[in-house]
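Here's the structure we're looking at; comments come further down.
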Amino acid sequence: MNLSILKPKKENLQSCLVVGTSLFCFGIFDIFSSTFLNYNITGYLPGIINYFSPLILGALGLYFIRIEYSGNKTLDTINKNLNSSNFNAVLSLIVIFVLIKYVPPTLNWTFFDANFVGNTKEDCTGDGACWVFIKVWFNRFMYGMYPNPEQWRINVSFLILLGSIVSIFILPHKFKKFIILFLLFIFPIIALNLISGGIFGLKWIETGAWGGLSLTFIVSAFALIFCFPIGVFLALGRRSDLPAVKYSSIGFIELWRGVPLITVLFMSAVMFPMFLPDGTYMDKLMRVIIAITLFEAAYMAEVVRGGLQALPRGQYDAAQSLGMGYWRMHFLVILPQALKLVIPGIANTFLALVKDTPLIFVVGLLELAGMIGLAKTNPKWLGMAAEGYVFAAFVFWVICFAMSRYSQNLEKKLSTER
Amino acid sequence: MTNIIELKKVNKWFDKFQVLKDIELEVKTQEKIVICGPSGSGKSTLIRCINRLENHQEGKIIVDNTEISEDTKNIEIIRAEVGMVFQQFNLFPHLSVLDNCSLAPIWVKKLPKKKAEELAMENLKRVQIEDQALKFPGQLSGGQQQRAAIARALCMEPKIMLFDEPTSALDPEMIKEVLDVMVDLAKGGMTMIVVTHEMGFAKEVADNMIFMDEGRIVEKAKTKDFFDNPKSDRTKLFLSQIL
């Protein structure tokens, strides 16, 4: 028997298209009806064939429309991108099916069936998410237990931060240096005094009351600023020729890398005060920030070391032959190149740091995720865990995505390749 | 004339392997020396010892009346006086050609930025790539990169220039533009030690030739004598193969 008539060819484009498209549409309709209309068209077929019938139908359909150089632009584009081989056709189908099956329910839950109006759990009557929960608790999620009349102080700090960051991008190049110096050295002091108070007639607010997203920002910002230089020096130390420097760096890095963050935090809160002399006291938040900083610095050190090792020996030779000593060689020649190489790794560590901050709940500090964890145990709002954590996931995702995009931008901007 | 470089009984080992054996060398001010020899003979190691990119284990190296030793302060002073050009150019890829040239004058010689950049432009003009000053090394051809590297070394206003196979990584047609710059430099009275296989260049420029094999200086002679009647058989063999 001559089977070549079944092979899709340009000559019978019309009939191939009709057969292929109808098979494909039938497959799609099959999955569609079983998802939304509660009716399984191919239900009479034996179990496993029934289960895979949309896939089989779709794949057959795609097989028939896979005609190279058909002359039809749309068809060619579809074939090239979604349907270049049987395997790719099946992958495309699976993606389409997953989208049909899971996207509409997700949208329904988050938007169409969700409740936005009201002030209590009882106002949530629909099937979907109860965003009223987020609305009612929003203030706590942002500011923790920080007293409401004083919250402007946090807002002002973040406005200054935001303003300086924006001005870095807007102002001409020569002012950039000053703004960065301001952000690194002066701003932290201003922000810390403003938020904690105790001077200029501002009411003292102890760190135990800090919380919510603002605490996430405070912890991550301080840890980010400090872990970077410490990491760089540890990386240089690990490659040093001086045995004392080298082995203490190795010891430090391996110690902190080998311990889970949660135990480090626990020790910083519970065991560390026992070693302090009587009468001295160190704020819990401060201890936690130091612990996270040192922990992430160990990771940062290894990332930076990777960059240092990627540089060819010739760069060191050239810098030395021009009379540069150790520090000038590293700060002018080696580190600018090494750090540029490891921007993806640095971004990775920074993202991990931001996402590690929720762990400070073990010592009783509640940032965004911690506040949500607390709110969901409120007797009036039981059963709101999903809404709360979806919200937390969304906020963290926005922060991390912004950082990721920025790092990619930076990479592009610093590239001096052809 | 006085000796600006003196090497006395210099020995060097990489682990157990001896790369330099009893090297004796004297270089006078404004003298041009070309070192040749088969690969692995210790030529590069020898000139890298002169500015202590490699350290020697035995013997004395005296550069401009200062002995090269463990004392790092001295080494930085000497390195600032000894320019070096590498086979792989080793330009700093994150800086423009101009910044490559002005970096060390600004940070090591402490020149004001403006002055350092004028100096850099002067030297870039000297190697005829002043129009490439604002490009990055990656955007230049091999020959241009090597000329930029020479300009970078010249910006430190060195008393001595070391060249470590400066044309070996270049396409044949770019070799000439680099050699021209070097000939020009030689005529300007620079003290030069050049490791190269470009015998035409050697004949034109060198006062003395050195032939090295297996870590030893096999033959040192005036350039004309070296090419016209080499004494050792090893030199004869080498010359017969590359000429």
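The values are calculated or read from the model by the stated rules, or taken from the named source; none is laboratory data. Bear in mind the structure is a predicted one, so any value in this text is a computation, not a measurement. Heads up, the Cβs are rebuilt from the backbone with ideal geometry, glycines too, and the neighbour counts pull from every protein chain shown. Remember, those area values only see protein heavy atoms, side chains included, never the ligands or the DNA or RNA. Shrake-Rupley method; radii C 1.70, N 1.55, O 1.52, S 1.80 Å.
Can you name every residue in the stretch A:379-403 that is under 19 Å from the mean Cα position of the chain (by Cα), open to solvent by 60 Å² or more (accessible area, probe 1.4 Å) and of a type outside the set (A, V, I, L, M)? Within the stretch A:379-403, A:Tyr389, A:Phe394, A:Trp397, A:Phe401 meet the criteria. Being among the β-branched types (Val, Ile, Thr) and either closer than 11 Å to A:Phe97 by Cβ or open to solvent by less than 40 Å² (accessible area, probe 1.4 Å) (or both) is the filter here; which residues of the stretch A:26-57 pass it? Selection gives A:Ile28, A:Ile31, A:Thr35, A:Ile41, A:Thr42.
To keep it simple, each residue is scored yes or no on (1) closer than 20 Å to A:Lys412 by Cβ; (2) basic (Lys, Arg); (3) at the interface with chain B (Cβ under 10 Å from one of its Cβ atoms); (4) open to solvent by less than 40 Å² (accessible area, probe 1.4 Å).
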{"residue": "A:Gln309", "(1), (2), (3), (4)": "no, no, no, no"}
{"residue": "A:Lys340", "(1), (2), (3), (4)": "yes, yes, yes, no"}
{"residue": "A:Ile343", "(1), (2), (3), (4)": "yes, no, no, yes"}
{"residue": "A:Ile360", "(1), (2), (3), (4)": "no, no, no, yes"}
{"residue": "A:Leu365", "(1), (2), (3), (4)": "no, no, no, yes"}
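Screening A:Lys376 on (1) open to solvent by 40 Å² or more (accessible area, probe 1.4 Å); (2) closer than 27 Å to A:Phe228 by Cβ shows it passes everything except condition (2).
Of the residues A:Ile230, A:Ile186, the single one that is open to solvent by 40 Å² or more (accessible area, probe 1.4 Å) and at pLDDT below 90 is A:Ile186. Exactly one residue out of A:Phe158, A:Phe169 is of a type in the set (A, V, I, L, M, F, W, C), more than 30 Å from A:Tyr63 (Cα to Cα) and modelled with pLDDT under 85: that is A:Phe169.
Per-residue answers, yes or no, for (1) over 14 Å from the mean Cα position of the chain (by Cα); (2) assigned to a helix (DSSP H, G or I):
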site: B:Ala153; (1), (2): no, yes
site: B:Met161; (1), (2): no, no
site: B:Pro166; (1), (2): no, no
site: B:Val178; (1), (2): no, yes
site: B:Asp184; (1), (2): yes, yes
site: B:Ile217; (1), (2): yes, no
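How do the strands (runs of 3 or more DSSP E) wholly within the stretch B:21-126 filter down when requiring 1 or more residues that are of a type in the set (A, V, I, L, M, F, W, C) and within 14 Å of chain A (Cβ to nearest Cβ): which remain? The strands (runs of 3 or more DSSP E) meeting that bar are B:58-63, B:82-85. Can you find even one residue in the stretch B:187-194 that is out of contact with any Pro (no Cβ under 9 Å at 6 or more places or on another chain), part of a helix (DSSP H, G or I) and over 18 Å from B:Val27 (Cα atoms)? No, the stretch B:187-194 contains no residue that is out of contact with any Pro (no Cβ under 9 Å at 6 or more places or on another chain), part of a helix (DSSP H, G or I) and over 18 Å from B:Val27 (Cα atoms). Do we have A:Trp152 as exposed (fewer than 11 other Cβ atoms within 10 Å of the Cβ), under 26 Å from A:Phe361 (Cα atoms) and either under 25 Å from the mean Cα position of the chain (by Cα) or of a type in the set (Phe, Trp, Tyr) (or both) here? It is false that A:Trp152 is exposed (fewer than 11 other Cβ atoms within 10 Å of the Cβ), under 26 Å from A:Phe361 (Cα atoms) and either under 25 Å from the mean Cα position of the chain (by Cα) or of a type in the set (Phe, Trp, Tyr) (or both).
Listed here are the residues, each with its yes/no results for (1) in contact with a strand residue (DSSP E or B) (Cβ under 9 Å, 6 or more places away or on another chain); (2) open to solvent by less than 40 Å² (accessible area, probe 1.4 Å); (3) over 30 Å from A:Lys7 (Cβ atoms).
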position: A:Tyr63; (1), (2), (3): no, no, no
position: A:Glu68; (1), (2), (3): no, no, no
position: A:Leu82; (1), (2), (3): no, no, no
position: A:Val90; (1), (2), (3): no, no, no
position: A:Leu93; (1), (2), (3): no, yes, no
position: A:Phe141; (1), (2), (3): no, yes, yes
position: A:Val156; (1), (2), (3): no, no, yes
position: A:Leu161; (1), (2), (3): no, no, yes
position: A:Ile168; (1), (2), (3): no, yes, yes
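B:Ile68 meets the conditions (1) in contact (Cβ under 8 Å) with a residue 24 or more places away in the chain; (2) open to solvent by less than 50 Å² (accessible area, probe 1.4 Å) in every case but one. The failed one is (1).
Among the residues of the stretch A:6-21, not a single one is of a type in the set (Lys, Arg), in contact with a helix residue (DSSP H, G or I) (Cβ under 7 Å, 6 or more places away or on another chain) and open to solvent by less than 90 Å² (accessible area, probe 1.4 Å). Here is the figure for the stretch A:359-390: residues that are over 30 Å from A:Asp283 (Cα atoms) and aromatic (Phe, Trp, Tyr) total 1.
Annotation note: of B:Ala148, B:Ala153, B:Ala133, B:Ala120, the sole residue that is of a type in the set (A, V, I, L, M, F, W, C) and surrounded by fewer than 22 Cβ atoms within 10 Å (Cβ to Cβ) is B:Ala133.
Within the stretch A:313-325, residues that are at the interface with another protein chain (Cβ under 7 Å from one of its Cβ atoms) reach partners that are assigned to a helix (DSSP H, G or I) and among the β-branched types (Val, Ile, Thr) with beta carbons closer than 8 Å, at six or more positions or on different chains, in the pairs A:Gln315/A:Val333; A:Gln315/A:Ile334; A:Ala318/A:Val333; A:Gly323/B:Ile77; A:Met324/A:Val333; A:Gly325/B:Thr72.
Here B:Ile5 meets the list (1) closer than 26 Å to B:Ala221 by Cα; (2) within 14 Å of chain A (Cβ to nearest Cβ); (3) open to solvent by less than 10 Å² (accessible area, probe 1.4 Å) almost entirely, failing just condition (2). Restricting A:Leu192, A:Leu202 to those that are touching a helix residue (DSSP H, G or I) at 6+ places or on another chain (Cβ under 9 Å), touching a residue at least 24 places away in the same chain (Cβ under 8 Å) and surrounded by fewer than 18 Cβ atoms within 10 Å (Cβ to Cβ) reduces the list to A:Leu202. Note on the stretch B:157-168: residues that are touching a residue at least 60 places away in the same chain (Cβ under 8 Å) and either open to solvent by 20 Å² or more (accessible area, probe 1.4 Å) or over 22 Å from B:Thr196 (Cβ atoms) (or both) amount to 3. Of the numbered criteria (1) assigned to a helix (DSSP H, G or I); (2) more than 10 Å from every other protein chain (Cβ to nearest Cβ); (3) more than 27 Å from the chain's Cα centre (by Cα), the one A:Met300 fails is (3).
Checking each residue in the stretch B:23-39 for being on the phi > 0 side of the Ramachandran plot and open to solvent by less than 70 Å² (accessible area, probe 1.4 Å) picks out only B:Gly37. Look at the stretch A:167-182: where a residue is closer than 21 Å to A:Ile225 by Cβ and a partner is open to solvent by 80 Å² or more (accessible area, probe 1.4 Å), sitting 6+ places away or on another chain with Cβ atoms under 9 Å, you get A:Ser167/A:Phe175; A:Ile168/A:Phe175.
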